[in-house]
Amino acid sequence: MALATRTGPERPASAAADRRPPAHPDPHPRPSPSRSPGSAARTVSPLRLLWRSAIGKKAVMAVSGLFLLAFLVAHMLGNLKIFFGPEEFNGYSHWLRTLGEPVLHHAWALWLLRCALVAAVVLHGVAAHQLSRRARAARPERYVHRPPRTSYATRTTRWGGVIVALFVVWHILDLTTGTVNPNGEAGRPYENVVASFSTWYGNVIYLTAVTAVGLHVRHGLFGAAQTLGINRPRRQAALKLTATVSAAVLTAGFVSVPLAVMTGVVD
């Protein structure tokens with residue numbers, strides 16, 4: 001009979017599989033599609049991750065804004081030297097161009113500062129624009145009744161920045177290159193300032209821009225304090241007062257120069 005031919009117990013399938021010879025490794029293994037050789041190179045850097053986040057953009061706005069504020073304070077103090085006469089003011093202008101010599105060439109430090117200012121302005125503006133777009137995207141439906149903003153400076157922050165950017169272009173064409181200042185003299189900053197503020201349009205443009213700067217600084221200082229974690233409920237009143245006084249002093253310092261030229265104090 002067929003059943004009588006079995007001489008031992010039947011081996012299970014698992015035992016037979018265990019006795020198979022091991023497979024030889026592939027001498028040319030293919031990389032897994034999920035971990036390609038360039039995956040490490042495409043890793044997002046921490047700085048890019050920081051820039052992509054809303055907190056990172058606000059931090060960039062705060063730091064670049066404080067850098068620009070420091071420049072405005074130094075620029076305002078330099079402008080006030082005009083009250084000490086043409087020799088003092090022209091000497092200060094010449095010193096700016098020799099700053100860093102002999103390590104740096106003539107006017108290199110001034111151009112490095114200008115490049116840093118341009119970078120700060122670009123970072124500040126791009127971060128503000130992208131944060132504004134994110135805020136609008138988060139609420140695509142318009143409010144039936146738009147909630148009132150806290151202050152005039154808050155409502156005008158966006159176009160105030162545009163005014164300041166346009167004024168920087170005018171300021172360079174007016175007092176640096178002399179393109180729009182026909183009565184200016186090359187290499188004589190004192191005379192150029194007096195010539196610029198002897199025109200009604202020069203005063204209107206300057207005073208409008210300086211007012212926008214003051215409002216922007218007041219709102220920006222308080223916003224930077226919030227972003228950097230300095231703001232606390234008990235400090236809000238003191239921070240608002242500090243921002244208001246700082247913006248007022250800065251604005252008054254800039255406004256004093258054209259007013260002095262218009263009233264004949266500086267001529």
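Remark: Leu50 falls outside the filter, which requires a residue to be assigned to a helix (DSSP H, G or I), in contact with a helix residue (DSSP H, G or I) (Cβ under 7 Å, 6 or more places away or on another chain) and surrounded by 14 or more Cβ atoms within 10 Å (Cβ to Cβ). For beta carbons closer than 9 Å, sequence separation of 6+ or different chains, a first residue in the stretch 74-86 that is within 26 Å of Leu117 (Cα to Cα) and a second that is open to solvent by 60 Å² or more (accessible area, probe 1.4 Å) and of a type outside the set (S, T, N, Q), the qualifying pairs are Met76/Val249; Lys81/Glu88; Ile82/Glu88. Evaluate the stretch 207-221: report whether one residue or more is modelled with pLDDT of 85 or more and over 25 Å from His129 (Cα atoms). Within the stretch 207-221, one or more residues are modelled with pLDDT of 85 or more and over 25 Å from His129 (Cα atoms).
Taking the stretch 222-242, which residues are of a type in the set (A, V, I, L, M), in contact (Cβ under 8 Å) with a residue 24 or more places away in the chain and either open to solvent by 40 Å² or more (accessible area, probe 1.4 Å) or more than 20 Å from Trp159 (Cα to Cα) (or both)? Leu228 - this is the single residue of the stretch 222-242 that is of a type in the set (A, V, I, L, M), in contact (Cβ under 8 Å) with a residue 24 or more places away in the chain and either open to solvent by 40 Å² or more (accessible area, probe 1.4 Å) or more than 20 Å from Trp159 (Cα to Cα) (or both).
A count restricted to the stretch 78-89 and to residues that are over 31 Å from the mean Cα position of the chain (by Cα) and either open to solvent by 50 Å² or more (accessible area, probe 1.4 Å) or closer than 15 Å to Gly187 by Cα (or both) stands at 5. Scanning the stretch 55-65 for residues that are surrounded by 15 or more Cβ atoms within 10 Å (Cβ to Cβ) and not charged (D, E, K, R) yields Gly56, Ala59, Val60, Met61, Ala62, Val63, Ser64, Gly65. Note on the stretch 143-203: enclosed helices (runs of 4 or more DSSP H) holding 1 or more residues that are open to solvent by less than 30 Å² (accessible area, probe 1.4 Å) and modelled with pLDDT under 75 are 152-155, 157-171. Tyr206 falls short on exactly one of the conditions (1) part of a helix (DSSP H, G or I); (2) open to solvent by 30 Å² or more (accessible area, probe 1.4 Å), and that condition is (2).
Only a single item in (1) without any contact (Cβ under 8 Å) to a residue 24 or more places away in the chain; (2) over 28 Å from Val245 (Cα atoms) is not met by Glu191, and it is number (1).
The values are calculated or read from the model by the stated rules, or taken from the named source; none is laboratory data. Predicted model only: the values in this text are computed from it and were never measured. Neighbour counts are summed over all protein chains in view; Cβ atoms, including those assigned to glycine, are modelled from backbone coordinates with ideal geometry. For the accessible areas, the whole protein counts, side chains as well, though only heavy atoms, and no ligand, DNA or RNA atoms are used. Shrake-Rupley method; radii C 1.70, N 1.55, O 1.52, S 1.80 Å.
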